[in-house]
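Report on one structure; see the data block that follows.
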Amino acid sequence: MARAHIEFVQTQSLAWSPRADGALVKVLSRDPATGEETALVRYRAGFTGAANRDEAGAEEFFVLSGTLEIDGRARGHHAYGFLPQGSGLGARHSARGADLLVFRHAPGDRNAQAGRAEVLAHDTPAMEWDVSTYNPGLSHLRLARKVLRLGPGDSGRTFLLAGMPHGLPRAEALPAEWHDHAEEMFMLQGTMWAPEGCQRPGAYFYRPPRIVHGPHVSRDGFFQIMRSPGANEIVTHWTNEAYPLPLEPAFRPILPEGSPEEWARSFEGEVSW
Ligand SMILES: [Fe+2]
């Protein structure tokens, strides 16, 4: 069983659950067969935790707010890290609290093991934006990116993606797209108009391979963290048919059967997660 298609949920609508180590979590997506999982994790002020256990899957994280010290090094605003399974890393302490987005890799995934997967610690605000190449089919979004990780064995890329405000084409309709790999996204700033609704900060989706999606346009500009599990290079296929642009779209999320009622709740309040 693979991870279900979720497109999309405003994570503000989900409740925090306590975890055994004292942190609070919102599990956004999980593969019950492999244990791979994406979650928001909230460490309250004064939190202290031991290093990751050898049997726990690799931890890939992005700091949304606050500061957390990991293995003695402070990770603040938009810090990114990758702690391979079996690395003995991950001892943590937060004096004032921190909110993280965590991509937990499947325990036993060889592409995420110490020795094969690299330990990463990026201060992402200090990285250069790459505006050199992008798909001409998405030129209306005026995209820029920062690649945070290329997994070994073509196992997936993690990157920051931003688009300028006024990202609307002159056309009234555009083709939709699909990929042979999955896509996963968390919105950090701005908004994206999609056929499923307006993705605001805190929006999250997990899109399995070969799901037709789009078109996407952005009136306000956007800044998001994205992953392409299963491929380091994004290959986009386009539909022959063009679809009307989703202008000020209503919230019509695609959610797995049995999702809690609040996952379908639209969110228009203050920005937070
Ligand atoms: Fe896509």
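Residues being part of a loop (DSSP other than H, G, I, E, B) and either under 16 Å from R116 (Cβ atoms) or of a type outside the set (S, T, Y) (or both): count how many of those fall in segment 50-86.
First, pick out the residues of segment 50-86 that are part of a loop (DSSP other than H, G, I, E, B): 50-58, 67, 71-72, 76-78, 84, 86.
Now drop any that are not either under 16 Å from R116 (Cβ atoms) or of a type outside the set (S, T, Y) (or both), which leaves 50-58, 71-72, 76-78, 84, 86.
Residues in segment 50-86 being part of a loop (DSSP other than H, G, I, E, B) and either under 16 Å from R116 (Cβ atoms) or of a type outside the set (S, T, Y) (or both): 16 in total.
Of all residues being under 23 Å from W193 (Cβ atoms) and within 16 Å of the ligand (Cβ to nearest atom) in segment 231-241, which is nearest to the chain's Cα centre (by Cα)? Just the residue, please.
I234
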Note to self: Yes or no: segment 250-266 includes at least one residue that is within 16 Å of the ligand (Cβ to nearest atom), part of a loop (DSSP other than H, G, I, E, B) and touching a Cys at 6+ places or on another chain (Cβ under 9 Å).
What the structure shows: no
Next item on the list: Tally the residues that are more than 10 Å from the ligand (Cβ to nearest atom) and part of a loop (DSSP other than H, G, I, E, B), restricting the search to segment 203-222.
Entry: 7
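Does P215 satisfy the criteria of being in contact with a Leu (Cβ under 9 Å, 6 or more places away or on another chain) and without any contact (Cβ under 8 Å) to a residue 60 or more places away in the chain?
yes
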Notebook entry, point to check: Would it be correct to say that I225 is near the ligand (Cβ under 10 Å from one of its atoms) and either closer than 24 Å to W263 by Cα or not basic (K, R) (or both)?
Noted result: no
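Residue under question is A171, and the condition is that it be within 25 Å of V27 (Cα to Cα) and away from the ligand (no atom under 11 Å from the Cβ); does it hold?
No.
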Next item on the list: Any chance you could count how many residues in segment 156-197 are outside any strand (DSSP E or B), touching a strand residue (DSSP E or B) at 6+ places or on another chain (Cβ under 6 Å) and in contact (Cβ under 8 Å) with a residue 40 or more places away in the chain?
Entry: 4
Next item on the list: Go over the candidates A45, A15, A23 one by one and state the one that is surrounded by 19 or more Cβ atoms within 10 Å (Cβ to Cβ) and not assigned by TED's automatic domain parsing to the domain that holds A194.
Entry: A23
Note to self: Condition check: crowded, with 20+ Cβ neighbours inside 10 Å and either over 19 Å from the mean Cα position of the chain (by Cα) or of a type outside the set (S, T, N, Q) (or both). Does A171 satisfy that?
What the structure shows: no
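Conditions (1) touching a helix residue (DSSP H, G or I) at 6+ places or on another chain (Cβ under 7 Å); (2) among the polar types (S, T, N, Q); (3) farther than 27 Å from P152 by Cα, marked per residue:
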| position | (1), (2), (3) |
| --- | --- |
| V25 | no, no, yes |
| R44 | no, no, yes |
| E69 | no, no, no |
| P84 | yes, no, no |
| H93 | no, no, yes |
| V102 | no, no, no |
| L120 | no, no, no |
Next item on the list: Run down M164, M192 and say which single residue is within 14 Å of the ligand (Cβ to nearest atom) and either modelled with pLDDT under 95 or over 21 Å from A4 (Cα atoms) (or both).
Entry: M192
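The values are calculated or read from the model by the stated rules, or taken from the named source; none is laboratory data. Nothing here was measured: the structure is a model prediction, and the numbers come from that model. Note that each Cβ is placed from the backbone with ideal geometry, even for glycine, and that neighbours are counted across all protein chains shown.
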